[in-house]
Every structure is written in structure tokens, then in C-alpha cells.
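Participant: For reference, the structure I am asking about is given below.
The values are calculated or read from the model by the stated rules, or taken from the named source; none is laboratory data. Every value quoted in this text rests on a predicted model; they were computed, and no experiment measured them. Using ideal geometry, Cβ is built from the backbone for each residue, glycine included, and neighbour counts are taken over all protein chains shown.
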Amino acid sequence: MLAAKSLLILLVASFSTLAGCATDAGDAESGDHEDEPAAESSDELRSAVSCQERSDTAYRGGTPYSIQVIHVGGKPTTKTTGHAFLKMQAAANADGVRLSLTSGFRTMAEQKHLYGCYTSGSCNNGNLAARPGYSNHQSGLAVDVSTSTWLARNASRFGFVRTVSQESWHYEYHGKDPGGPCSRGTAEAATVGSDTAPSDGSGGTTTPSEPTPATGGLTWVAPAQDATLQNGFVVKSHANKASIVKVVYSQGTYDFGTSTRPSDDFSLSYRFQYMGDKTLTAKGYDASGTLVAEDHVDFTLTP
């Protein structure tokens, strides 16, 4: 009797293992099944932006196409997806909720590495990973976002849709570019072709773009465009409109300082917490608190 029970347990265990392997293999074909990535804790980093673009190759269903990649919160995304996330992050911030990008676009080399870890079990904890060319994260549309009740209730308002049922942090954006710090004041009412994956028939909604203030009202003085600087310098922007009484300096949705000194080009001392490529925004306000001018600068910060 004992031997019969042992044999029965062994058969059940073997069947369960085979069933689990079959399910994992199916998931690996259609997308990733991963542990939730850890969120960044630095406010400066989580909402920082670098608009310095690079060309890369994205994949959807094994089909390659070209995209332009920027960095939001230190993670690579397309401009369209990055701008949409920043809109959602700003709304979450207004409600007292911290949203961070924990993963974004993934290159072919990165996906090959993760798939090798999955098949060999020798790295990345052997986590399940899609075949190279078939990962959601290679599409340029997918991001992982720090989870919250706010995200689950509001993501769809900003065009983000969950596409992996087991992963509450995984979203894709199929909408149009709502505009943002990398638009440089241009209207982007339509999806940028180079940022667009082959259509899969899914829709997507976006929130309306905020009015863009007229260019020319503010001019960056320091840092200079495309400069490479060491940490610990003063940011400055010159007001070309006498009505500007205050300038707010920001990275993405993170305001890191305010100056009310027009006679000194609204100078502000700030020491950044992390290095690398950065895009800063200067926003000029009049006495009524109305945003009347805006300018951006790209530069690289070294230790």
C-alpha cells in the first residue's frame, strides 16, 4: 500500500512539472513573465529626462523597425511613450502618488542575454523571458511602472493598457505623442512614424496637450547647449520679457529649484545627485502666476 501511494504521488508531481513547463513555454513565446522590478527612490532620478536621441531597432512579432530612443527616469523609451508617461506621472504627483519607470525599451542584445539566462538558468534567477525579437519590451511601446491603486484606476486615462495579465506593473502605450520636454515647442498631434510599432489593431487614448508657451521669452545662459560640465555649477536663464518675475527649473516632472532674481539671469545653485545626459527646462512666470515662456537645454554632467 505504501509503495502504491508513493508511486501515485510521484506521478502527480511529474504531471504538474510537465504542465508547468508547458505553460511557461507558452508565456515565453507571447511575452515576458518577470518579477516586478525595483523602483528608484530618488525624486531627481525617477522623473529626470534626457532628450538626446539615439536610433535603435525595435521588434514586434519578430518584425524589425526603426525607433528613436530618449531616456525618462534613467530608462530608455521612445519619445511618444516617454512623454505619455510624464503626463501620467505629473497627474499622480498632484494626487500625492509616486510613479517611477522601472523598465523600458530593451535592445536585441539585452533580450538575447535574458533569454540565455532563462534557457540556461545560470543568471537573472532563470526568470522566464521571451524569444529575442518577440519580447513586449522590444516593441518600444512597453514599460514597467511602480504599482499602486492609483495606477490601476487611472492608467487608461493616459492611454496605457495592461497587456500581461500576470504582471500588474507592465503597460503598453499605443496612443499619440501628447507633447513634452522633448517636443521643443512643436505640436505633435500625430504619432511619430519612427516611434510607431506595426499596428496590432489596438486603440489608445491620450489626454490633450497643454498649451505650449511662446518660444523666445527665455534664453538659457548656463549650462550651454550640448556642454559637458562637472557637478556643482549655477543654472541661469535670461528673460527676454519684462513680465517674467519667476523662473522654475525642472527635470521632467521634478522641479529642483526656483529663482526670482531677474537681474542675475534667475541664477540658481544646484548639485545634482546623478551624472549623465540631462535635459533641463526653465519655465518663466509673470506676476499673476501665468506661464509665459519656456526653454530647454541638453548637456552632459560628469563627476
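Residues are listed down the side, and each one gets a yes or a no for (1) outside the structural domain of G61 (by TED's automatic domain parsing); (2) closer than 28 Å to D298 by Cα; (3) free of Cβ contacts under 8 Å to residues at least 40 places away in the same chain:
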| position | (1), (2), (3) |
| --- | --- |
| P76 | no, yes, yes |
| M88 | no, yes, no |
| H113 | no, no, yes |
| N124 | no, no, yes |
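Participant: Out of everything in region 154-167 that is of a type in the set (S, T, Y) and surrounded by 13 or more Cβ atoms within 10 Å (Cβ to Cβ), what residue ends up being nearest to T80 (Cα to Cα)?
Facilitator: Of all residues in region 154-167, those of a type in the set (S, T, Y) come to 156, 163, 165.
Next, from what is left, pick out any that are surrounded by 13 or more Cβ atoms within 10 Å (Cβ to Cβ): 156, 163.
Details: S156: 16, T163: 18 Å.
The extreme case among them is S156.
Participant: Now for a separate question. Only residues that are in a loop (DSSP other than H, G, I, E, B) and under 25 Å from the mean Cα position of the chain (by Cα): list them for region 216-231, please.
Facilitator: Answer for region 216-231, where residues must be in a loop (DSSP other than H, G, I, E, B) and under 25 Å from the mean Cα position of the chain (by Cα): P223, Q225, D226, N231.
Residue-wise test of (1) assigned to a loop (DSSP other than H, G, I, E, B); (2) over 29 Å from A109 (Cβ atoms); (3) at pLDDT below 95; (4) assigned by TED's automatic domain parsing to the domain that holds T279.
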| position | (1), (2), (3), (4) |
| --- | --- |
| N154 | no, yes, no, no |
| V161 | no, no, no, no |
| Q166 | yes, no, yes, no |
| G180 | yes, no, yes, no |
| T206 | yes, yes, yes, no |
| S209 | yes, yes, yes, no |
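Participant: Also, quick follow-up: Which residue, of Q273, Q251, is crowded, with 17+ Cβ neighbours inside 10 Å, within 26 Å of G96 (Cα to Cα) and either not assigned by TED's automatic domain parsing to the domain that holds G180 or not basic (K, R) (or both)?
Facilitator: Values: Q273 fails: crowded, with 17+ Cβ neighbours inside 10 Å.
That would be Q251, the only listed residue that is crowded, with 17+ Cβ neighbours inside 10 Å, within 26 Å of G96 (Cα to Cα) and either not assigned by TED's automatic domain parsing to the domain that holds G180 or not basic (K, R) (or both).
Participant: Within region 115-130, track down each residue that is at pLDDT below 90 and in a helix (DSSP H, G or I).
Facilitator: The answer is N124, N125, G126.
Participant: Going through region 133-153 one residue at a time, which ones are buried (at least 20 other Cβ atoms within 10 Å of the Cβ) and charged (D, E, K, R)?
Facilitator: D144
Participant: While we're looking at this one, here's another question. Just to check your reading of the model, which residue among D226, D286, D298 is more than 20 Å from G74 (Cα to Cα) and acidic (D, E)?
Facilitator: D286
Participant: Continuing with this model, one more query. Select from region 62-93 the residues that are surrounded by fewer than 24 Cβ atoms within 10 Å (Cβ to Cβ) and not in a strand (DSSP E or B) and list them in ascending order.
Facilitator: Of everything in region 62-93, those that are surrounded by fewer than 24 Cβ atoms within 10 Å (Cβ to Cβ) and not in a strand (DSSP E or B) turn out to be G62, G74, K87, A90, A91, A92, N93.
Participant: Quick one: in region 136-152, which of the residues that are in contact with a Leu (Cβ under 8 Å, 6 or more places away or on another chain) and not in a helix (DSSP H, G or I) is farthest from Y59 (Cα to Cα)?
Facilitator: The qualifying residue farthest from Y59 (Cα to Cα) is S148.
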